[in-house]
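Trainee: Before I ask anything, let me first share the structure, which is written out below as structure tokens.
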Amino acid sequence: MIDNYIKPVENIQQELKEYLLKSKLKALVLGVSGGIDSALCAALAAPVCNELGVKLICRSITISTNKQDEIQRAKDIGNAFATDFKEVDLSDVYDFLLPKIAEDEKIVDKSDRAFKIRGGNLKARIRMMYLYDLAAKEHAMVLSTDNYTELLLGFWTLHGDVGDYGMVQNLWKTEIYAMSKFMASEMNDKKKSKALIDCVNAVPTDGLGITNSDLEQIGAATYEEVDQILIKLLKNPKDKSLVGNKVVQRKNNSEYKRTNPFNLSRDKITDKPYF
């Protein structure tokens, strides 16, 4: 785990700066949810965008199940860090598409967990469609907000949450929190600092209406607990003390996401070469 965040923050911002200079992109697009991951991405990207004159376009996209406190935190982050911020409500789009897409929508129990997950996936994909269309219009790329803990747990929606450029994809969730606290403590702007700290202190949730918190879905009390279990597993995959652990089971059951898309290799099909 990182113990000093000065250099890591500098490294992330320098890498982003070099990427933007090389790519000649006009803007970055970021969906802000009121959660800590997107908040940290906004805080990391904003100084680089300001220096280069690149727009940081943030959108708070709500769909039916977002709670008011989440919406307010997203608004505070957008107003604090973005050069272009709007709130967008796509509930009507979701309500229109759900019965068109879900073949069992009229007969299924709407409170069923599996159906809630399907609905959550649809919401995530609708949000991503909006962000990518905006990126195409603005000659921009979409920032990814996933972290390493979520990667290992499969805690994201295929074709719904993954962006073009991940600044924090390889940071543990506990490092996300620690880096956010560090950055907030270094900010002279109280508005920015408070917006970031409010996200640090918030109950983590995906806003998709599946459960009351991310940790409830994962089956753990804290992200510190989750990360330590995953680290223990990576160090020793055969550790018998982890057998039956919910976090480990979730990692194992989501392996297909980390190998997506799976393409059958040519040698499994034929012994004839490509040319």
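Every read-out reported here was derived from the displayed coordinates using simple, explicitly stated rules and does not represent laboratory data. Note that the structure is a prediction, hence the values are computed from the model and not measured. So basically every Cβ, Gly included, is an ideal-geometry build from the backbone, and we count neighbours across all protein chains shown.
Trainee: Provide the FRET efficiency to the nearest 0.05 for the Lys257-His139 pair, computing r from the beta carbons and using R0 = 30 Å. Each step should come with its number before you reach the end.
Mentor: Working: r = 30 Å, r/R0 = 1.00.
Approximately 0.50, to the nearest 0.05.
Trainee: Just in the range 205-262: which chymotrypsin sites (Phe, Trp or Tyr not before Pro) are loop by DSSP and have at most 11 other Cβ atoms within 10 Å? Before the final figure, lay out the partial values.
Mentor: Numbers: sites: Tyr223, Tyr256, Phe262; in loops: Phe262.
Sites meeting the loop and neighbour criteria: Phe262.
Trainee: Further, regarding this structure: Order these by the 10 Å Cβ neighbour count, fewest first: Met1, Met167. Could you put the intermediate results ahead of the total?
Mentor: Numbers: Met1 10, Met167 21.
Result, fewest neighbours first: Met1, Met167.
Trainee: Rounded to whole Å and ordered largest first, report the semi-axes of the equivalent ellipsoid of the range 187-274 derived from its Cα gyration tensor (root of 5λ). Write out the running numbers ahead of the final one.
Mentor: Working: eigenvalues 271, 92, 40 Å².
Semi-axis lengths for the range 187-274 are 37, 21, 14 Å.
Trainee: How many angstrom separate the Cα center of the range 248-275 from the Cα center of the range 1-64?
Mentor: Rounded to whole Å, the Cα centres lie 32 Å apart.
Trainee: Sort all Cα-Cα distances of the range 1-101 into consecutive 5 angstrom bins from zero, then give the percent of pairs in each bin up to the one containing the longest distance.
Mentor: Taking all Cα pairs of the range 1-101, the binned fractions are 2, 12, 20, 18, 16, 13, 10, 5, 3, 1, 0 percent.
Trainee: A follow-up question, please. So what is the calculated 222 nm ellipticity per residue for the chain, using -39500 (n - 2.57) for each DSSP H run with n of 4 or more, over all residues, to the nearest 500 deg cm²/dmol? If you can, show how the numbers build up before the last one.
Mentor: Numbers: 13 runs with 152 residues, N = 275.
Helix-only estimate at 222 nm: -17000 deg cm²/dmol.
Trainee: Still on this structure, I have one more. If you place +1 on the Cβ of every Lys and Arg, -1 on the Cβ of every Asp and Glu, and leave all else neutral, what size is the dipole of the range 124-196 about its Cα centre, to the nearest 20 Debye? Could you put the intermediate results ahead of the total?
Mentor: Working: 9 positive and 9 negative charges, 76 e Å.
Computed charge dipole of the range 124-196: roughly 360 debye.
Trainee: Hey, another quick one. For the chain, which longest stretch is free of loop sites, where a loop site is one of the trypsin sites (Lys or Arg not before Pro) that DSSP puts outside H, G, I, E and B and that has at most 11 other Cβ atoms within 10 Å?
Mentor: Excluding the exposed sites themselves, the longest stretch runs over 111-237.
Trainee: In addition: In terms of modelled amide H atoms, which long-range or inter-chain residues lie less than 5 Å from the amide H of Asp84?
Mentor: Long-range HN contacts for Asp84: Leu56, Cys58.
Trainee: Then there is this: Cα-based Rg (one decimal) and Dmax (whole number) for the range 43-153, in Å?
Mentor: Expressed in Å, the Cα Rg and Dmax of the range 43-153 come to 16.4, 54.
Trainee: Where nothing but the Cβ of Lys and Arg (+1) and of Asp and Glu (-1) is charged, how large is the charge dipole of the range 31-141 around its Cα centre, in debye to the nearest 20?
Mentor: Values: 16 positive and 17 negative charges, 23 e Å.
Dipole magnitude for the range 31-141 comes out near 120 debye.
Trainee: Along the charge dipole of the range 149-246, which of Ser241, Tyr177, His159 sits closest to the positive end, that is, farthest toward it, with unit charges on the beta carbon of Lys, Arg, Asp and Glu (+1, +1, -1, -1)?
Mentor: The residue sitting most towards the positive pole is Ser241.
Trainee: Shape verdict for the range 193-234, please, from the Cα gyration tensor: rounded (a/c under 1.5), prolate (a/b greater than b/c) or oblate.
Mentor: Details: a/c = 3.12, a/b = 1.38, b/c = 2.26.
Oblate, because a/c is 1.5 or more while a/b does not exceed b/c.
Trainee: Percent of alpha carbon pairs in the chain separated by more than 25 Å? Don't skip to the end; give the middle numbers.
Mentor: Details: 18847 of 37675 pairs.
That fraction is 50 percent.
Trainee: Nearest 20 debye, what's the magnitude of the dipole of the chain about its Cα centre given +1 on Lys and Arg Cβ and -1 on Asp and Glu Cβ?
Mentor: Numbers: 39 positive and 39 negative charges, 89 e Å.
Rounded to the nearest 20 debye, it is 420 debye.
Trainee: Here's a follow-up. Around Val93, what is the net charge, scoring Lys/Arg as +1 and Asp/Glu as -1 over all other residues with Cβ under 13 Å from its Cβ?
Mentor: Values: positive: Lys100, Lys123, Arg125, Arg127; negative: Asp89, Asp92, Asp95, Asp133.
For residues surrounding Val93, the net value is 0.
Trainee: Could you identify which residue out of Ser193, Ser33, Ser111 has the top mean-square fluctuation in a GNM of the chain using Cα springs shorter than 10 Å?
Mentor: Maximum fluctuation in the GNM of the chain, among the listed residues, is at Ser111.
Trainee: Could you give me the ³J(HN,Hα) list for the range 140-151, computed from phi with Karplus coefficients 6.51, -1.76, 1.60 and θ = phi - 60°, whole Hz, x at Gly and Pro?
Mentor: Ordered by residue, 3J(HN,Hα) equals 10, 10, 8, 7, 7, 10, 6, 10, 5, 4, 5, 4 Hz.
Trainee: Further, regarding this structure: Which entries of Lys75/Lys123; Lys17/Lys238; Lys123/Lys232 show an alpha-carbon separation above 31 angstrom in the structure shown? Numbers along the way, then the final one.
Mentor: Numbers: Lys75/Lys123 19 Å; Lys17/Lys238 42 Å; Lys123/Lys232 34 Å.
Over 31 Å Cα-Cα: Lys17/Lys238; Lys123/Lys232.
Trainee: Stick to the Cα atoms of the range 117-275, pair each with every other, and give me the Kirkwood hydrodynamic radius in Å at one decimal.
Mentor: After inverting the pairwise mean of 1/r, the radius is 18.2 Å.
Trainee: Ok, one more. When a footprinting reagent is the concern and you count Cβ atoms within 10 Å, what order do Ser213, Ser265, Ser180 take, fewest first? Don't skip to the end; give the middle numbers.
Mentor: Working: Ser213 13, Ser265 7, Ser180 22.
Neighbour counts put them in this order, fewest first: Ser265, Ser213, Ser180.
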